[in-house]
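The values are calculated or read from the model by the stated rules, or taken from the named source; none is laboratory data. The structure displayed is predicted, hence computed values, not measured ones. Quick reminder, even Gly has a Cβ in these numbers, built from the backbone with ideal geometry, and neighbours come from all protein chains shown.
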Amino acid sequence: MSWLALDASGGRAGLAVLGEDGAVRHRVFAPLRPGLIETLPVLLAEAVAGESISNVAVTIGPGSFTGLRTSIALAQGYAAAAGVPLWGVPVEDAYHVPFPQLHRPLWVVVRARRGRVFVLRDGVATGYADADMPGSKIPFALAGDVAQEMAARLAARGVDVMLTNAKAIDPVWVARAAQAHRNAGLTPKLAQPIYVDPPEAKLPAAGLRPPPV
């Protein structure tokens with residue numbers, strides 16, 4: 001029995017298959033670019049060929065709107081067709097996997113859009129302008145795709161921050177985070193995308209056009 005894990009929350013998409021013993025049986029990455037909707041199902045089909053998938057895990061954000069919608073929809077469809085549990089894994093949980101013995105709190109900071117970041121800490125995601133990135137009186141560590149930039153800003157302000165080498169999510173972390181949740185007796189977290197900021201698209205001031213008659 002194997003675990004299938006997907007991630008498309010950041011600058012790339014990733015897919016992995018793990019055995020119940022934690023062994024990595026398949027892992028592949030793809031650019032997060034136009035065409036992901038067509039590419040990711042092909043990669044999934046190749047990954048699960050000959051495997052008996054018992055659980056599916058997928059990152060639920062926050063992160064890339066298009067990437068999250070694509071990977072979550074694919075994970076939902078596969079899990080429903082296979083009749084197996086689907087585990088939604090917050091981005092923060094995935095980044096904690098490679099640091100089981102980190103002796104300081106881990107904050108995850110990821111790019112929201114130009115000039116703005118999402119800071120993930122203690123299960124809460126908050127958006128900030130780059131210049132308003134918060135610090136802490138308690139030493140902490142940073143991970144995420146803009147961790148290096150934000151760590152430099154914080155260090156210049158005298159904040160005790162440690163930079164980790166975790167810049168992008170490995171889909172193996174997603175599977176292992178879900179396995180840890182299962183082993184702790186937790187029920188699967190709904191695979192619904194986590195949004196921090198409201199959508200930028202707005203309804204026309206005059207409202208929607210009436211349906212055709």
(Q) If residue 135 satisfies all but one of (1) surrounded by fewer than 22 Cβ atoms within 10 Å (Cβ to Cβ); (2) touching a residue at least 40 places away in the same chain (Cβ under 8 Å); (3) not acidic (Asp, Glu), what's the number of the condition it fails? (A) (2)
Q. Only one of (1) over 13 Å from the mean Cα position of the chain (by Cα); (2) not assigned by TED's automatic domain parsing to the domain that holds residue 13 fails for residue 145. Which number is that?
A. (1)
**Q.** Residue in the stretch 112-132 that is modelled with the lowest pLDDT, counting only those that are exposed (fewer than 12 other Cβ atoms within 10 Å of the Cβ) and either touching a strand residue (DSSP E or B) at 6+ places or on another chain (Cβ under 8 Å) or in the same structural domain as residue 8 (by TED's automatic domain parsing) (or both)
**A.** 115
Q) Checking residue 79 against (1) in a loop (DSSP other than H, G, I, E, B); (2) surrounded by 15 or more Cβ atoms within 10 Å (Cβ to Cβ), which test does it fail? A) (1)
Q: Only residues that are modelled with pLDDT under 95 and closer than 22 Å to residue 29 by Cβ: list them for the stretch 63-111, please.
A: 63, 64, 65, 66, 67, 68, 69, 70, 111
Q: Give 53, 37 a once-over and let me know the one that is aliphatic (A, V, I, L, M), in the same structural domain as residue 179 (by TED's automatic domain parsing) and over 16 Å from residue 172 (Cβ atoms).
A: 37
Q: Scan the stretch 30-74 for residues that are β-branched (Val, Ile, Thr) and in a loop (DSSP other than H, G, I, E, B) and report the count.
A: 1
Q | The listed residue being touching a residue at least 40 places away in the same chain (Cβ under 8 Å), surrounded by 23 or more Cβ atoms within 10 Å (Cβ to Cβ) and among the small types (Gly, Ala, Ser), out of 47, 8 | A | 8
Q. When residues of the stretch 72-81 are filtered for being over 21 Å from residue 186 (Cβ atoms) and under 18 Å from the mean Cα position of the chain (by Cα), how many remain?
A. 2
Q. Where residues in the stretch 82-106 are surrounded by fewer than 24 Cβ atoms within 10 Å (Cβ to Cβ), under 20 Å from residue 163 (Cβ atoms) and of a type in the set (A, V, I, L, M, F, W, C), which of them is farthest from the chain's Cα centre (by Cα)?
A. 102
Q: Identify, by number, the condition in (1) in a strand (DSSP E or B); (2) touching a helix residue (DSSP H, G or I) at 6+ places or on another chain (Cβ under 8 Å); (3) without any contact (Cβ under 8 Å) to a residue 60 or more places away in the chain; (4) more than 19 Å from residue 144 (Cα to Cα) that residue 13 doesn't meet.
A: (4)
Q | Number of the exception - residue 27 against (1) closer than 14 Å to residue 191 by Cα; (2) in a strand (DSSP E or B); (3) charged (D, E, K, R) | A | (1)
Q. Restricting attention to the stretch 12-24, does a residue exist that is out of contact with any Lys or Arg (no Cβ under 7 Å at 6 or more places or on another chain), buried (at least 16 other Cβ atoms within 10 Å of the Cβ) and under 21 Å from residue 196 (Cβ atoms)?
A. yes
